[in-house]
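A.B. asks: This is the structure I have questions about; it appears just below.
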Amino acid sequence: MMTTDGEKIIETENLTYSYGDTLAVDHISFSVEKGEILGFLGPNGAGKTTTVKMLTGQLVPQEGWGKVLGFDVAQEPKKIHEKIGVCFEEKNLYPRLTVKENLEFFVNLFGLEVDIDPLLKRVDLSKWVNDRVETLSKGLQQRVMFVRSMINDPDVLFLDEPTVGLDPISADAIRNIILTEKKKGKTVFLTTHNMMEADKLSDRVAFINEGKIVALDTPENLKLKLGKRTLKVKMRTEKGFEEETLPLRDPETPKRAKELLEKRNIATIHTQEATLEEVFMKLTGRKLEQ
Amino acid sequence: MKASCIKAITRKDAVAAMRNKLIVLGLFAGVIFAVMYYVLPSTVEETFTVALYDGSSSQLFPPVSELEMEGIHIIFFTSGEEFEKAVEEGDYVAGIALPENFDSQLLSGKQPTITLYFKSDVPESVRTSIEYFIQLTIEYVALGEQPIDIETEMLGEDMAGKHIPLREQSLPFFLVFALMMEMWTISTLIVEESAFGTMRAVLVTPASPSDVIISKGIVGIGYSLIVVVSILILTQSVRGNLPVLFLGIFLGAIMAVSMGLFLGSLTKDILGSYIYVAVPMLILILPGMFIFVPDISLSIVKVIPTYYLANAFGQILNSGAGLVGVWKDFLIIAGFDTVFFVLGVYALRRRFS
Ligand SMILES: Nc1ncnc2c1ncn2[C@@H]1O[C@H](COP(=O)(O)OP(=O)(O)OP(=O)(O)O)[C@@H](O)[C@H]1O
Ligand SMILES: [Mg+2]
């Protein structure tokens, strides 16, 4: 669990936004502390991107407020922009410029002098550095997008589905970089509908559904409190194998387990963790991934 | 506003523009215009068509067939009304009107007055040669002792110096055309930022919408200068009052940039933006085209801002005008520039925030 005396890097209260009649983000309040990775997990259309847009000054909240690094997102967005990195959901690179030109342009916008080569190496992009972005595959472009969000060594990273469309190796490379940044004290706001990713990376996970945060806790707590841990018993029979799943916290379970152990020919027994997917289902009746 | 951001965006846009085939093609417009310039005639037409009015059917004035000589073509009128109309509508370089009593006056040894009508854009040299021609004719009539008075009248507003070879007349048109083409460059660069979604990425850095707008303006003005200067150099037309000429070019470039900013704010669709630009661009290059149809009534064209630009370029390049001659045009252009610029920046800021 996070300590409560940590510095609040992101803070919102009743943050709200609707597009016409569509209430996209509905009075959400949360905070993210320094060095924390908050996983923002929810199905399509839940309001994840809209939240990122408000926190990064692309949309002005219609109700409530948000602060990043102590600056109000509506009042002082430029102060925030100096110190954050944003990885957009949709690819938005200059197609006719090369990878290097794209990245150097952003280095120049920040008025920095950064050697981009080490960053490119970390996501295995060095080979394509002088290729025009329009000639790159989607996955390669996504890696450029991620590198771009890191170009100013930001204190806060807003990553809107940063590993979407990547092969497992590239996705893991990016996940490792995110963890490394966290260790350096960077704060990360990560949206995803990949529950494995949220589970693996996040210090805390916020479940968002229809614009509302329906739960916010560490992945472990969410699973413990809301998920069912089970005991899976596999038995050998004449016809082959038979399986029985027992809910761990059920008072009947010890009795039944004993019965099985005594009477049957047990092949394997193991406890099974609940997944965030199951927890989300239980809370909202919806699946995360469609 | 941040200088480092403006510099970075300007540099990026200059490179991005150079990778856009259509924009690069636009840079070569200067070469195309120069070729067209050299194709156009470099001298003024040498044959003058003159209208002759003789209401009293003079017996003494020689018949037209005997009068025609190299370079002068005579059309004979017996109706005064038709003659006046023809001369006024400008179908003729000059009109020669014999008085009613030409014969009787001449016979009685008096001095008949022949009136010569000239259009105001007829240059001095043409006027003298027509007067000389009349002189010769009268000598022919009176055998050297002509007691005739010649009266010269000018028609229309003073447009001295307009009778210039087509080639030189076309120059202001090419310049206006080249400048207005930059509308397209600017609007394309802006629409692309929206269409590619890159604008959003730029705006979550220290850069502001103003930085983006200013940078696009700088790139647009830079491109205009390249095209316009290449036209002037290729046509060997770097002449006249250069500071005033470049002030005019600058004002024209601002007009194109402002229009480009405004038009760029209208759509996020790259192909759609071409249509948005095409119509205003055609309207704005229209005044330059009237140079090729000189005698059309110009008043309607005067509502198009580039009329003043074309006019100022003509004055500076072909009539040696300085600031005194064109300041009114400049003032009007600057007025249009201000309106378009405010409109463009307003529309874009709304779009980007
Ligand atoms: N520009 C827009 N105009 C109108 N409605 C929009 C717009 N952008 C988003 N919405 C709507 O707002 C709601 C939230 O959208 P948002 O993009 O924030 O969801 P998301 O959680 O990021 O979804 P995804 O996982 O698909 O990226 C959706 O119902 C969506 O249709
Ligand atoms: Mg989204």
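The values are calculated or read from the model by the stated rules, or taken from the named source; none is laboratory data. Keep in mind that what you see is a predicted model, and the values were worked out from it rather than measured. Reconstructed Cβ throughout: ideal geometry from the backbone, glycine too, with neighbour counts over all protein chains shown. Side chains included, ligands, DNA and RNA excluded: accessible areas come from the protein's heavy atoms. Shrake-Rupley method; radii C 1.70, N 1.55, O 1.52, S 1.80 Å.
A.B. asks: Looking at A:Gly42, A:Gly139, A:Gly47, A:Gly85, which one is of a type outside the set (Ser, Thr, Tyr), away from ligand 2 (no atom under 16 Å from the Cβ) and crowded, with 24+ Cβ neighbours inside 10 Å?
C.D. replies: Working: A:Gly42 fails: away from ligand 2 (no atom under 16 Å from the Cβ); A:Gly139 fails: crowded, with 24+ Cβ neighbours inside 10 Å; A:Gly47 fails: away from ligand 2 (no atom under 16 Å from the Cβ).
Of A:Gly42, A:Gly139, A:Gly47, A:Gly85, the one residue that is of a type outside the set (Ser, Thr, Tyr), away from ligand 2 (no atom under 16 Å from the Cβ) and crowded, with 24+ Cβ neighbours inside 10 Å is A:Gly85.
A.B. asks: What's the total number of residues in region A:256-270 that are part of a strand (DSSP E or B), open to solvent by 80 Å² or more (accessible area, probe 1.4 Å) and more than 11 Å from A:Leu231 (Cβ to Cβ)?
C.D. replies: The number of residues fulfilling the criteria is 1.
A.B. asks: Mind telling me which of the residues A:Thr218, A:Thr191 ends up being hydroxyl-bearing (Ser, Thr, Tyr) and more than 16 Å from ligand 1 (Cβ to nearest atom)?
C.D. replies: Details: A:Thr191 fails: more than 16 Å from ligand 1 (Cβ to nearest atom).
Residue meeting the stated conditions: A:Thr218.
A.B. asks: Please go through region A:10-28 and pick out each residue that is hydrophobic (A, V, I, L, M, F, W, C) and surrounded by 19 or more Cβ atoms within 10 Å (Cβ to Cβ). I'd like the intermediate steps shown before the answer.
C.D. replies: Restricting attention to region A:10-28, the residues satisfying the condition of being hydrophobic (A, V, I, L, M, F, W, C) are A:10, A:15, A:23-25, A:28.
Listed by number, the residues that qualify are A:Ile10, A:Leu15, A:Ala24, A:Val25, A:Ile28.
A.B. asks: Somewhere in region B:216-223, is a residue modelled with pLDDT of 90 or more, touching a Pro at 6+ places or on another chain (Cβ under 9 Å) and either more than 14 Å from chain A (Cβ to nearest Cβ) or open to solvent by 30 Å² or more (accessible area, probe 1.4 Å) (or both)? So that I can check it myself, show each step before the final result.
C.D. replies: So in region B:216-223, the residues modelled with pLDDT of 90 or more come out as B:216-223.
Pick out the ones that are also touching a Pro at 6+ places or on another chain (Cβ under 9 Å) and you get none.
No: region B:216-223 contains no residue that is modelled with pLDDT of 90 or more, touching a Pro at 6+ places or on another chain (Cβ under 9 Å) and either more than 14 Å from chain A (Cβ to nearest Cβ) or open to solvent by 30 Å² or more (accessible area, probe 1.4 Å) (or both).
A.B. asks: Is it fair to say A:Glu13 is more than 25 Å from A:Leu179 (Cα to Cα) and more than 13 Å from ligand 1 (Cβ to nearest atom)? Working first, answer last.
C.D. replies: Working: more than 25 Å from A:Leu179 (Cα to Cα): yes; more than 13 Å from ligand 1 (Cβ to nearest atom): yes.
Yes; evaluated as a whole, the condition is true for this residue.
A.B. asks: How many residues does region B:235-264 contain that are open to solvent by 50 Å² or more (accessible area, probe 1.4 Å) and over 19 Å from B:Ala310 (Cα atoms)?
C.D. replies: 1
A.B. asks: Inside region A:94-124, can you point out the residues that are closer than 13 Å to A:Asp153 by Cα, within 10 Å of chain B (Cβ to nearest Cβ), open to solvent by 10 Å² or more (accessible area, probe 1.4 Å) and in contact with a helix residue (DSSP H, G or I) (Cβ under 7 Å, 6 or more places away or on another chain)?
C.D. replies: A:Gly111
A.B. asks: Report, by residue number, each residue of region A:228-259 that is among the hydroxyl-bearing types (Ser, Thr, Tyr) and more than 16 Å from A:Thr271 (Cα to Cα).
C.D. replies: Here is the first cut: in region A:228-259, the ones among the hydroxyl-bearing types (Ser, Thr, Tyr) are A:230, A:237, A:245, A:253.
The one that is among the hydroxyl-bearing types (Ser, Thr, Tyr) and more than 16 Å from A:Thr271 (Cα to Cα): A:Thr237.
A.B. asks: Please go through region A:194-245 and give me each residue that is open to solvent by 80 Å² or more (accessible area, probe 1.4 Å), under 30 Å from A:Thr51 (Cα atoms) and of a type in the set (Asp, Glu), ordered by number.
C.D. replies: Residues satisfying the conditions are A:Glu210, A:Glu220.
A.B. asks: To continue, here is another question. Starting from residues that are over 11 Å from B:Val212 (Cβ atoms) and in contact with a helix residue (DSSP H, G or I) (Cβ under 6 Å, 6 or more places away or on another chain), keep the ones in region B:3-17 and report whichever is nearest to the other protein chains (Cβ to nearest Cβ). Reasoning before the result, please.
C.D. replies: Residues of region B:3-17 that are over 11 Å from B:Val212 (Cβ atoms), as a first pass: B:3-4, B:7, B:11, B:14-17.
If we keep only those that are in contact with a helix residue (DSSP H, G or I) (Cβ under 6 Å, 6 or more places away or on another chain) as well, we get B:14, B:17.
Details: B:Ala14: 11, B:Ala17: 9 Å.
Going through the qualifying residues, I end up with B:Ala17.
A.B. asks: For region B:76-126, which residues satisfy the criterion of being part of a helix (DSSP H, G or I), over 18 Å from B:Asp54 (Cβ atoms) and at pLDDT 75 or above? Quick ask: steps written out before the conclusion?
C.D. replies: The first filter runs over region B:76-126 and keeps only residues part of a helix (DSSP H, G or I), leaving B:80-88, B:102-107, B:124-126.
Keeping just the survivors that are over 18 Å from B:Asp54 (Cβ atoms) gives B:88, B:124-126.
Once the filter is applied, which keeps residues that are part of a helix (DSSP H, G or I), over 18 Å from B:Asp54 (Cβ atoms) and at pLDDT 75 or above, region B:76-126 yields only B:Glu88.
A.B. asks: Tell me yes or no: at least one residue of region B:197-208 is closer than 15 Å to B:Lys12 by Cα and under 33 Å from the mean Cα position of the chain (by Cα).
C.D. replies: No, that holds for no residue.
A.B. asks: In contact with a Pro (Cβ under 6 Å, 6 or more places away or on another chain) and in a strand (DSSP E or B): which single residue out of A:Leu15, A:Leu23 fits that description?
C.D. replies: Numbers: A:Leu23 fails: in contact with a Pro (Cβ under 6 Å, 6 or more places away or on another chain).
Result: A:Leu15 is the single residue among A:Leu15, A:Leu23 that is in contact with a Pro (Cβ under 6 Å, 6 or more places away or on another chain) and in a strand (DSSP E or B).
A.B. asks: Now for a separate question. Looking for something within 9 Å of chain B (Cβ to nearest Cβ) and open to solvent by less than 10 Å² (accessible area, probe 1.4 Å) - is there at least one such residue anywhere in region A:56-67? First the steps, then the outcome.
C.D. replies: Kept after step one, since they are within 9 Å of chain B (Cβ to nearest Cβ), are these residues of region A:56-67: A:56-58, A:60.
Now restrict to residues that are open to solvent by less than 10 Å² (accessible area, probe 1.4 Å): A:56.
Taking every residue of region A:56-67 in turn, at least one turns out to be within 9 Å of chain B (Cβ to nearest Cβ) and open to solvent by less than 10 Å² (accessible area, probe 1.4 Å).
Let's see how each residue does on (1) in contact (Cβ under 8 Å) with a residue 24 or more places away in the chain; (2) within 14 Å of ligand 1 (Cβ to nearest atom):
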site: A:Lys34; (1), (2): yes, no
site: A:Leu41; (1), (2): yes, yes
site: A:Thr51; (1), (2): yes, yes
site: A:Thr56; (1), (2): yes, yes
site: A:Val68; (1), (2): yes, no
site: A:Phe71; (1), (2): no, no
site: A:His81; (1), (2): yes, no
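A.B. asks: When residues of region A:177-193 are filtered for being under 28 Å from A:Asn14 (Cβ atoms) and either polar (S, T, N, Q) or within 16 Å of ligand 2 (Cβ to nearest atom) (or both), how many remain?
C.D. replies: 6
A.B. asks: Next question, about the same structure. Please go through (1) more than 16 Å from ligand 2 (Cβ to nearest atom); (2) in a loop (DSSP other than H, G, I, E, B); (3) open to solvent by 20 Å² or more (accessible area, probe 1.4 Å) for A:Ser31 and return the number of the only condition it doesn't satisfy.
C.D. replies: The failed condition is (2).
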